[in-house]
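Read through the structure below, which is laid out as structure tokens, and then see the notes.
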Amino acid sequence: MDQPLGVGKQASYGLGQIAGQIFRDVPSLLLLFFLTNIEGIEPVFAGIAIFFPKLLVGVGSDIVMGSLSSRLKARFPMSRWLLTGAFLVPIPLILLFSVPDIAWQMKLIYVAFIFSLYMSIYSSFSVPYLALVASLTQTPEERTKLMAWRLAFTGLGLLIAAGAAPAFVAQRGGGETAYIEMAVVLSIICSISLLIAYLGTYKVADLNTAGGAVDTNADVIEPHEMNKLSVAAIISAMKDRRFSKLLIANILQLTGGGMNYAALLYFMTYNMQRADALSVIGLLTFAIVLGIILSQPVWVAIAKPIGKRKAYMAATTLHIGSILIWIGWPTAPFEIICVWAFLAGVGNSGWTMLGFSMVADLEAEEKNGIFSSLWVAADKVGFALGGTLLIGITLSAVGFDSSKAAAGLPQSDMAVQGIMLAFGLFPSTLYLISLILMAGWKHRAEEPA
């Protein structure tokens, strides 16, 4: 039986999540804005250059890395990938915001290539990081503690990526050089977090792997389970009407969430008329994160008497309401907007947590292990689709002028209204469709239609 992990090792493991969160959130929030408003690239083309690497390379490299790290762990333990990542992460992060002064078509090729490298290196440390839990302990209670530490540092990583990073760019002048300097600072933070995670865990992980102390068949969902997503398995899973409805509703929600997130800086700049958008976006992020964290036990309590489906729909309705109020009064006092952001976080927390909980219940009932794998894959697909491609298409369709944005000039009234659609109305429509899908959904097979 393995020994309990000390607080130091648990905290060291959790610190590694800072790198993962920064790598996940910085491109989602800043990259499209950087390409349109600093590099002057047309939104639709910028969105395409981000979307395909994020989707194809991101999902593909996760699957490859999961399988590779699992096969090699006897010779190259999971912890070593964290050390490798510590040395590699500065390369794509700095290059991503160091776009050379070349024709815009070549800029797109450059961004697509570097972002593909970025997603590959992201997978090279994030997938083994999650799987490392199985090498550290086989005790469910210890795993729970590790996940709690990971969750704690998830919030810190999010605040760095979505709050401190934009504020740093604003403080350094907001130009291309400021973004490069931000990338340098973030790469140092990422490298340190991975190095600490490695130094704090490698002895236990390597010893358990070499000595066979850890059950490799332990009940841990590892990312390499995604390699089971064969066409036949997907078709079989989608034939389950309850699962397919739940999955489609989740994809709609995530697509809308991706649009909300990617359009936030545009909405703050042009609709809320905040010249200091980069400086204060961290306050809104903090309000959203606070809503997500504080409301989780509340949604658990609400779901007990009324059921998970109704609680899920209530959370979605709250999220829609907060976004619609926000776009209806974009120039409201900032303190009031922070309240709306908090309520949006509360709603987001509910539908995210309850959706996954319902699919877990369904998976246990139907004894179909592919459901969770598809759910994880859908998370990447939906967020990438909304946060890159659809936002880019929408902004270009309404006449958003990247050359004006790069020169600091105002946008047309049509473009400003289009940003409102991209941030609020289109995502809310997707949320509403998901509500309609879930209206007749049955949590249990024996429930009446």
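On the basis of the beta-carbon distance and an R0 of 35 Å, ILE102 and LEU56 show a calculated FRET efficiency of 0.90. For segment 57-73, putting each phi into the Karplus relation 6.51 cos²θ - 1.76 cosθ + 1.60 with θ = phi - 60° gives couplings of 6, x, 5, x, 6, 4, 5, 4, 5, x, 5, 5, 5, 5, 6, 9, 5 Hz, in residue order, rounded to whole numbers and with x for Gly and Pro.
For the chain, compute Rg over Rh where Rg is the Cα radius of gyration and Rh is the Kirkwood radius from the inverse mean 1/r over Cα pairs.
On the way: Rg = 21.7 Å, Rh = 22.6 Å.
That ratio is 0.96, to two decimals.
Based on the mean of other beta carbon atoms within 10 Å per residue, what is the order of 166-173, 331-338, 311-318, most packed first?
311-318, 166-173, 331-338
Cross-link list LYS239/LYS442; LYS145/LYS203; LYS310/LYS380: which exceed 23 angstrom alpha carbon to alpha carbon? Distance filter (> 23 Å) returns LYS310/LYS380. The magnitude of the dipole of segment 231-439, with charges of +1 and -1 set on the Cβ of Lys/Arg and Asp/Glu and taken from the Cα centre, is near 480 debye. Highest average first, the peptides 243-253, 103-113 ordered by how many other beta carbon atoms sit within 10 Å of their residues are 243-253, 103-113. VAL185 to TRP441: FRET efficiency via 1/(1 + (r/R0)^6), r the Cβ-Cβ distance, R0 56 Å, to the nearest 0.05? Plugging the Cβ-Cβ distance into 1/(1 + (r/R0)^6) gives 0.75.
Per the Kirkwood formula applied to alpha carbons, segment 46-140 shows a radius of gyration over Rh ratio, Rg over Rh, of 1.08.
Could you give me the percent of Cα pairs per 5 Å distance bin for segment 7-226, shortest bin first, beginning at zero and ending with the bin that holds the maximum distance? Histogram of Cα-Cα distances, whole percents per bin: 1, 7, 15, 19, 19, 14, 10, 7, 5, 2, 1, 0. With a simple spin-label model that places each label point 7 Å from the Cα along the Cα-to-Cβ direction, the separation between ILE306 and VAL7 comes to 3.9 nm. Give me the net charge of ILE102's neighbourhood, meaning all other residues with Cβ under 15 Å from the Cβ of ILE102; Lys, Arg count +1, Asp, Glu -1. With Lys, Arg at +1 and Asp, Glu at -1, the net is -2.
The residue list VAL204, ALA397, LEU108 was ranked by how far each Cα lies along the charge dipole of the chain toward its positive end, using unit charges on Cβ atoms, and VAL204 comes out on top. Approximating the spin labels as points 7 Å out from Cα along Cα→Cβ, the SER357-to-LEU283 distance works out to 3.3 nm. Dipole magnitude for the chain: about 580 debye, using +1 per Lys or Arg Cβ and -1 per Asp or Glu Cβ, origin at the Cα centre. Using +1 at the Cβ of each Lys and Arg and -1 at the Cβ of each Asp and Glu in the chain, identify which of THR269, TYR122, ALA439 lies farthest towards the dipole's positive end. In the chain, that residue is ALA439. Phi angles across segment 11-20 convert, under the Karplus curve 6.51 cos²θ - 1.76 cosθ + 1.60 with θ = phi - 60°, into 3J(HN,Hα) values of 5, 4, 4, x, 4, x, 5, 4, 4, x Hz, Gly and Pro given as x. Taking 0.36 nm per residue of separation and subtracting the Cα-Cα distance, full extension of the segment from ARG172 to SER236 would add 17.7 nm.
Distance between the 7 Å Cα→Cβ label points at GLU335 and THR429: 3.7 nm. Taking the centroid of alpha carbons for each part, segment 237-304 and segment 317-365 are 6 Å apart.
Read-outs throughout are calculated quantities, based only on the coordinates presented, and are distinct from any laboratory measurement. From a predicted model like this one, the values you see are computed outputs, not experimental measurements. Backbone-built Cβ (ideal geometry, glycine too); neighbour counts: all protein chains shown.
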